[in-house]
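First up is the structure itself, then whatever we jot down about it.
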Amino acid sequence: MNLAVIGCGYVGLVTGACLAEAGHDVICTDVDTERIARLQSGIVPIYELHLDKILESARKSGKISYTANAGDAIRASDAIFICVGTPPKENGDADLSAIDHVARQIALEARSSKLVIEKSTVPARTGLELRHALSAYSRNSGLTFRVVSNPEFLREGTAVEDFFHPDRIVVGVEDESSADQMREIYRPILERNFRRPVHQDTCPVTSKALLLVTTINSAELIKHASNSFLALKISYANVIADLCEKIGADVEEVTHAMGLDPRIGGQFLRAGLGFGGFCFPKDLQAFVHLAGTVGVDFDILKAAERVNKQRIDHFLAKVHQALWVVKGKRVAILGLAFKASTDDVRFSPALEVARRMLAEGADVHATDPEAIARAKAIMPEVTYHHDPYQAVRDAEAVLICTEWEEFRQLDWERVGQLMARRLVIDGRNLCSPALMRELDFEYFSFGREAVRGGRVGVGVGQ
Ligand SMILES: NC(=O)c1ccc[n+]([C@@H]2O[C@H](COP(=O)([O-])OP(=O)(O)OC[C@H]3O[C@@H](n4cnc5c(N)ncnc54)[C@H](O)[C@@H]3O)[C@@H](O)[C@H]2O)c1
């Protein structure tokens, strides 16, 4: 099938690349003409595991192409995936201006009927507004625009794997023929009948994906309800961590045992600096806002958001208690991305920590395996190092802000030798307190024993 993808960010590029590898002809477009030019010359503008490989494979097979002319992409396709950003407004609501802009373009540029697939995360009822907008903007009454909500559940860092091996594919439709067309688009994924340069031999053994057909409103709600629930789980684990610190229990022991119960599950029960990124914070806010507009008070989510905001304060309280005066001290921040395996720094707790350290007059040095360029564009005042050992040199404290495996694997004895003082404040519970004690670090994390000068202490923040 001929598909268009509008918006070549994380979701758009993964969608385009994977559907091209699934055998469709995909044409991608974006308002960012520089991004399109880079993609045309084979440069992948974001870091996402395997994405470069499958984009290259799709380019070689002629299955994917890029154009800065949205009209060309719209006219060349039967179905159009809208993958533009939906950032938060001041009041928490989602800013849907890019969706509206795309709707106008589709309505004006189309010369034949289209299936318009909303993949961007949007509040419930957006699909119905989109359908209305498409017919209102159209100058040709002979064309029909059928709208589908197809929320995306991929996770940055494992986005390609997630797209090829989804737990479920949700399609919210208004008629059976839209559902059939979506089934056709996803058939290679549902049947695992795609070329897979990602895996050496065969795909990993996981259960096959389900395609769930729902109403448009339900599909939109499923996405917000899922992300908000995961955010809630993270905040829950964080409150448990605070409780563990107060009463002397170990949050890892508690959440591990909780997670073994299949009704709970172990994922997203990690205590730490809390959630960031382009999805959870804004989706939570948009869901609370949506509920408010229809008179439903989503107090439980407001609490999750409040807990999350307090994580940075809790972390900085630990830093203050350990370092005493921050002004003029050299601190090393390990991690800038909002989570490991991505270069995405949008709403990253690590950047908020860096910003607050700079505001207090610290000499901030930072490192990240992938996110330095993006962080530097936002925060040039920080001194960046590609080599983590250079970042920690002469530091009076190391602050771990992103859970990159590379940081866990550091030669921590060498880190200690390079630092001015052996002090680590771990915002991701990445290191083992036992190892830190053995290496004579002062070590503080969330909801676990504090290590002071190689001895078990009472814990910072208690
Ligand atoms: N990033 C994720 O992990 C993820 C996961 C699931 C869903 N989502 C949702 O998918 C959507 C896109 O997220 P993203 O992370 O890919 O964002 P992104 O910012 O990386 O990409 C959005 C792209 O859309 C382009 N764009 C904006 N307005 C446009 C327009 N009018 N016409 C053409 N292109 C336009 C931008 O230039 C940008 O390249 C959001 O609604 C997000 O909530 C994101």
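Would you grab the residues whose amide H sits under 5 Å from the one on V170? Only those 5+ places off in sequence or on another chain, please, with H modelled 1.01 Å from N.
Those lying under 5 Å, H to H, from V170 are L212.
From the cross-link list K246/K339; K119/K233; K89/K282, which pairs have alpha carbons spaced over 18 Å apart?
Exceeds cut-off: K246/K339; K119/K233.
Take each of the peptides 70-81, 45-56, average the number of other beta-carbon atoms within 10 Å over its residues, and list them starting from the highest.
The packing order, highest mean first, is 70-81, 45-56.
Could you please report the charge total around W412, scoring K, R as +1 and D, E as -1 over all other residues with beta-carbon less than 10 angstrom from its beta-carbon?
Its environment carries a net charge of 0.
Working from the pairwise distances between different alpha carbons, so that the mean of 1/r is found and then inverted, what is the stretch 1-68's Kirkwood radius in Å?
11.4
Using Cα-Cα distances under 8 Å and only pairs 6 or more residues apart, what relative contact order does the stretch 2-111 have, in percent?
Relative contact order of the stretch 2-111: 34 percent.
Pull out a ≥ b ≥ c, the square roots of the eigenvalues of the alpha-carbon gyration tensor of the stretch 75-182, then state rounded if a/c is under 1.5, prolate if not and a/b is larger than b/c, and oblate in the remaining case.
Oblate, since a/c reaches 1.5 and b/c is not below a/b.
When the Karplus curve 6.51 cos²θ - 1.76 cosθ + 1.60 is applied with θ = phi - 60°, which whole-Hz ³J(HN,Hα) does each residue of the stretch 294-309 get, with x for Gly and Pro?
10, x, 9, 8, 8, 3, 4, 6, 4, 5, 4, 5, 4, 4, 5, 4
Name the residues whose placed amide hydrogens come within less than 5 Å of the amide hydrogen of R452, ignoring near sequence neighbours (fewer than 5 apart) on the same chain.
Sorted by chain and number, the residues that satisfy this are Y443, G457.
Kindly report, to the nearest 10 Å², the accessible surface of D387 as traced by a 1.4 Å probe over protein heavy atoms only.
Here the accessible area works out near 60 Å².
Please list 3J(HN,Hα) in residue order for the stretch 362-375, calculated via the Karplus relation 6.51 cos²θ - 1.76 cosθ + 1.60 where θ = phi - 60°; whole Hz, with x for glycine and proline.
Couplings: 6, 8, 9, 10, 9, 9, 6, x, 10, 9, 4, 4, 5, 5 Hz.
For the stretch 327-334, just list the computed ³J(HN,Hα) in residue order, Karplus coefficients 6.51, -1.76 and 1.60, θ = phi - 60°, integers in Hz, with x standing in for Gly and Pro.
3, x, 8, 8, 10, 10, 9, 9
In whole Å and largest first, what semi-axes does the C-alpha gyration tensor of the stretch 361-462 yield when each eigenvalue is scaled by 5 and square-rooted?
Equivalent ellipsoid of the stretch 361-462: 24, 14, 13 Å, largest first.
What GluC sites (Glu not before Pro) does the stretch 89-120 have in DSSP loop regions with at most 13 other beta carbons within 10 Å?
E90
Using Cα atoms only, what is the angle between the long axis of helix 349-359 and the major principal axis of the chain, expressed in degrees (0 to 90) to the nearest 10?
That works out to roughly 50 degrees.
Using only Cα positions of the stretch 281-325, each an equal point scatterer, no hydration layer, compute I(q)/I(0) via Debye at q = 0.24 Å⁻¹ and quote the log10 values to two decimals.
-0.78
List the residues whose amide H sits under 5 Å from the amide H of L423, counting only those 5 or more places along or on another chain, with H placed 1.01 Å from N in the peptide plane.
Result for L423 returns V398, E442.
Pairs of Cα atoms under 8 Å, at least six residues apart: use those to get the relative contact order of the chain, whole percent.
12
Within the set of other residues whose C-beta is less than 12 Å from the C-beta of G7, count the net charge using Lys and Arg as +1 and Asp and Glu as -1.
-2
Would you mind giving the average projected area, over all directions, of the Cα convex hull of the chain in nm² with one decimal?
Dividing the Cα hull surface by four gives the mean projection, 22.5 nm².
Identify all aspartates and glutamates with a Cα-Cα distance to K327 below 14 Å; exclude those on the same chain that are fewer than 8 residues away in sequence.
In chain and number order, the partners are E360, D363, E396.
Express the relative contact order of the stretch 320-462 as a whole percentage, based on alpha carbon pairs under 8 Å and six or more residues apart in sequence.
Relative contact order for the stretch 320-462 comes out at 21 percent.
The values are calculated or read from the model by the stated rules, or taken from the named source; none is laboratory data. No experiment lies behind these values; they were computed from the predicted model shown. Heads up, the Cβs are rebuilt from the backbone with ideal geometry, glycines too, and the neighbour counts pull from every protein chain shown. Side chains are part of the model used for accessible areas, which takes the heavy atoms of the whole protein and leaves out ligands, DNA and RNA. Shrake-Rupley method; radii C 1.70, N 1.55, O 1.52, S 1.80 Å.
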